[in-house]
Every structure is written in structure tokens, then in C-alpha cells.
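Reviewing the structure listed below.
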Amino acid sequence: MSANLKQSIRDSKSARWFVLATVSFLMFTGYFFTDIMSPLQGALRDNFGWSNAEYGMFAGSYSFLNVFCLMLIFGGIILDKLGIRFTGTSFIGVMIAGAFFNYYAMTDTFNNGGLGYDFLNSFLTQYKPSLKLAILGYTLFGVGVEIAGITVSRILVKWFKGKELALAMGLEMATARGGMLLAFSGSRLMAGEEQIVSRPLAFGVLFLVIGFLAFFIHNMMDKKMDAEVADDTAAAAEEDEFKVSDIFLLFKNPGFIFIALLCVLFYSAVFPFSKFAPDLMVQKYMFNDNFAGSMVGLLPLGTIVLTPLFGAFLDNKGKGASVMVLGAILLIIVHSIFAFGPDQKAFAFIAMIVLGFAFSFVPAAMWPSIPKIVPESRLGSAYAMIFMIQNVGLMLFPMILGAVLDSSNQGNTGNLDYSNSMMLMVGCGVLALFFAFMLKAVDKKNGYGLDLPNIQK
Ligand SMILES: C[C@H](N)C(=O)N[C@@H](CCCCN)C(=O)O
């Protein structure tokens, strides 16, 4: 009997929205921790002696294990084989353990010779022990939060398929962006006058633990639903199962190739950029250190409202492929302003707001487009693969941005010049635009219907 016919807890609106609230809160805490260090780049330079290249290496370490150890592929397989509750619980555990190491790396206890300091000081001595332990922590955190994100997408499909799926995804992304906003605007305040980096990280770990508790509540609801619709979920799980052979089929699909390339380029010009953006605001636009993070907070702020709105628009009116082209054009304009524009504060305001539009348009159009390009039986593999490709950019670009920043400011004792680093971001935008056009062309040829409404009347 189909899930649509059989009455289950998922047919209760309040139960569905309650589940959405629990997993969205979890992602809120995950995104909060992801960006907690971003407004503290200056404090890391001043108090811990990290160079910009080292900061970039730390930011890129989020994706080290995801890329080199294919963790997202394994995560996809574990999710299929062992289920939502096991995968979510285990990888949230990994996320919290990683976050704790990251926190401990920045404490006085560790840096004054605490547990593990001497060991980490005994090899690769050109790098500080704080950097090495923070990298270890952040890379574990990156595995946990990415697999938690894939698990949450699967949870939303399980509860909302055939119902308000795009809206639910939009609201989940919007809530997660709330975590980013809190990190950008609150991190320096939490660090206090003395800029104690470990303080906001301690808040971050605490939030993650509360997020974990929210996930336990979800687990109880999930268990109830599984008990009610055991037959249906077994069938659905088989349908969605991750198969390694599917990966080869995905790479024969031009639509998938272009959307994956667009995804890695678009997100590389947003997330790695946001790691450096607070410092850019200080160095180029002379914003006060505390306000610089709030400036970057404009980026998630706009998306909180706009992502679900665009989601609803695309559900009803379509134009997903065109919106992705528009998003890439906005990316080029914004990063050109940062690279070549005047250093007046008004330009920074306008550019951040416009970037917020692009950051709302593209995710709202991109994620619900994937089921139009890839058959449902290969969706699990497609999401894991696209996250994996995206992580290559999330790993490389912070490292490149930091290295370019250091190399283009050698001997510069004044404010850092970000022009070359921002030109790289313009390059990402140009390539993203090219692939957005290629996607539009294959859409026309293969009839994916990317410009058609998601809701078919
Ligand atoms: C960083 C993460 N891999 C990512 O891509 N996050 C997306 C949301 C994807 C999930 C959609 N249900 C984002 O835009 O934050």
C-alpha cells in the first residue's frame, strides 16, 4: 500500500512541521559552528600568529576528509544501509567531537602545554600546535555536519515527499542561514574585548549538543513513523539506495555534470569568500572590527526571507534555469565590486545585499532541480556526489584565497589588499555563468524542464 493511502504520522501536519523544526534547529547549530571562526581572522593573526594562508588552510580543512577519504560517498552508503537514525546520531557525534577539538585547540589550557600539546609540537614544526589541532577538529566537524546535512535532506524527503517539500527545504536552509547570521554578527561579541577565541567556540559546542537533543526528539518521531509504515519505507529505501555503479551513470548525464560544476563554482564564490569577508570589510572598507561581521551577516539575513519565497515562486512559476543564470551574473557583479570597486562603505553594503539575492536564488533553484535531471532511483547517489564535488571547491578556495592574500601583500605594512583574491572570485562567477548557460542549453535539448514549475497542475 502506498504511503499516500496509508494514514501515518507523516499525514499529520503538526507532526511534519515539528520534525522540520527539530532538524532545522540541528542545521542551525551546525551552520553556526561552521562560521564561528570567520569573524575572528584578525584575532587569530594577532593572538595565535596564524598567517592568512594558515587561516585559509584551516577553513579548507572542513573538506579534507570529505574529499580525500570520500567520506560523503561512505556517508551516503551508510545512510542507505543503516538508516537515518543511526547515520544522523553517529555523524552528529562526529560533528560534536570535531567541534570540541577545535574549541580545545584555542584554549589557554592547550596552548600552555595541556594534553596533546607536546605531541602536536613534535612534528611539522613550521605549523603551530593550535593550527594542527584546530584543523583536526574542523575536518572531523566538516565530515559530521556534511553527512548530517545529507541525512536531513533525506529526512525532509521522507516526511514531505508529495507534500510541501520545496517549502520545507527552503525553510530548513533559511533556519540554517540563521546560524550563519548569528555566527557573523555574534562571534566577536562573544569573544569580548580581549578577543578570547575559545569563548564563541564553547557556545558553538554547547549549541551543537542542544541540536543533538533536538535530533533525538526527531528520532522518536521517526521510529513511530517507521513502525506505522514499515512496508512503505522498506520499498522507498530500496528505491533510493546508493549504488556505486550509479556514479558512472551520473557522469554520462550532461545535465548532472553541468549542475555539479555550477554548484562547485557558485558555492566556492560564496562560502570560502564568507570566511574572508569580515576581514575584507575591515581592510578595504575600514569597518570597525565588531561591525565587520554584521556586514557579512547581511548575506544570510536576506536569504532567510528570500530562500523560502523564491522556493515558493519556483514551485509555482518555474524559471529555475534562468534564475541560475541570473545568480551567476550577480556573482560576477558583486565580486567585481569587491575586486575593482571604490573602497566606500556604501559599495560594500550594496554588494553584500546583491550577493544575498544570488545566495537565495541559486540554492532555491538548484537543489529542487536535481530530481528533474536525475532519475529518482539515482537521487541518493546524485546528492552525495554533488556534495562531494562541491567540497573540492570548499577545500581548495579558502587555501588559495589565503595564499594569494599573503603573496600579494608581501612587504605591505598597511591594510591588506584583497584585489587579487577577489579577482579569483570573479573568475568563479564567470565560469559559473558559462556552466549555467550550458545547463540551459542541455535543458533545451534534453527537455529536463528546469524552467517549468516544480508543482505540476
Ligand atoms: C555546504 C553544504 N554542502 C550545502 O551545500 N548546503 C546547501 C544546502 C543543501 C541542502 C539542501 N536541502 C546550502 O545552500 O546551504
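Solvent-accessible area per residue for the chain at a 1.4 Å probe radius, Å²?
Dividing the accessible area of the chain by its residue count gives 39 Å².
So what's the angle, to the nearest 10 degrees on a 0 to 90 scale, between helix 71-105 and the longest Cα principal axis of the chain?
Helix 71-105 sits roughly 20 degrees off the main axis of the chain.
List the GluC sites (Glu not before Pro) in the stretch 128-204 that DSSP assigns to loop (not H, G, I, E or B) and whose Cβ has at most 13 other Cβ atoms within 10 Å. Which are they?
Loop-located and lightly packed - 193, 194.
P(r) for the stretch 8-446, please, calculated from all Cα pair distances in 10 Å bins and given in %.
Pairs per bin, as whole percents: 5, 22, 33, 26, 12, 3, 0.
Could you work out how far helix 165-191 tilts from the main Cα principal axis of the chain, as a 0 to 90 degree angle to the nearest 10?
Approximately 20 degrees, to the nearest 10.
Would any residue of the stretch 264-306 have its amide N under 16 Å from a label point 7 Å out along Cα→Cβ of residue 353? List them or say none.
The answer is 295-306.
Determine the relative contact order of the stretch 8-446: mean sequence separation of Cα pairs under 8 Å and six or more apart, normalised by residue count, in whole percent.
So the answer I get is 27 percent.
Counting other Cβ atoms within 10 Å, keep those with at most 10, restrict to DSSP loop, and tell me which chymotrypsin sites (Phe, Trp or Tyr not before Pro) in the stretch 93-147 are left.
Answer by residue number: 123.
Loop only per DSSP, at most 10 neighbouring Cβ atoms within 10 Å: give me the chymotrypsin sites (Phe, Trp or Tyr not before Pro) in the stretch 187-223, ordered by residue number.
none
Kindly state, as a whole number, the per residue volume in cubic angstrom of the convex hull around the alpha carbon atoms of the stretch 76-190.
Residue-normalised Cα hull volume stands at 133 Å³.
Placing +1 on the Cβ of each Lys and Arg and -1 on the Cβ of each Asp and Glu in the chain, which of 113, 169, 67 has its Cα farthest towards the positive end of the resulting dipole?
Highest projection toward the positive end goes to 169.
So what are the ³J(HN,Hα) numbers for the stretch 413-430, from phi and the Karplus equation (6.51, -1.76, 1.60; θ = phi - 60°), rounded to whole Hz, Gly and Pro as x?
For the stretch 413-430, the Karplus-derived couplings read 9, x, 5, 5, 9, 8, 4, 5, 4, 6, 5, 4, 5, 4, x, 4, x, 5 Hz, x marking Gly and Pro.
Per residue, what volume in Å³ does the convex hull of the Cα atoms of the stretch 287-411 enclose?
134 Å³
Ignoring ligands, DNA and RNA, please state the percent of accessible area on the stretch 394-439 from carbon and sulfur, probe 1.4 Å.
68 percent
Which percent of the accessible area of the stretch 176-231 is formed by carbon and sulfur heavy atoms (probe 1.4 angstrom)?
Here it works out to 73 percent.
Kindly give Rg over Rh for the stretch 351-457, based on alpha-carbon atoms, with the Kirkwood expression for the hydrodynamic radius.
My calculation of the ratio gives 1.09.
Hey, what angle do you get for helix 129-160 against the long axis of the chain, alpha-carbon based, 0 to 90 degrees rounded to 10?
So the inclination is approximately 20 degrees.
Highest first, please rank the peptides 416-427, 325-336 by the mean number of other Cβ atoms sitting within 10 Å of their residues.
Ranked by mean Cβ neighbours within 10 Å, highest first: 325-336, 416-427.
The values are calculated or read from the model by the stated rules, or taken from the named source; none is laboratory data. None of the values given here were measured: they were computed from a predicted structure. Cβ sites come from the backbone with ideal geometry, for glycine too, and all protein chains shown count toward neighbours. Side chains are part of the model used for accessible areas, which takes the heavy atoms of the whole protein and leaves out ligands, DNA and RNA. Shrake-Rupley method; radii C 1.70, N 1.55, O 1.52, S 1.80 Å.
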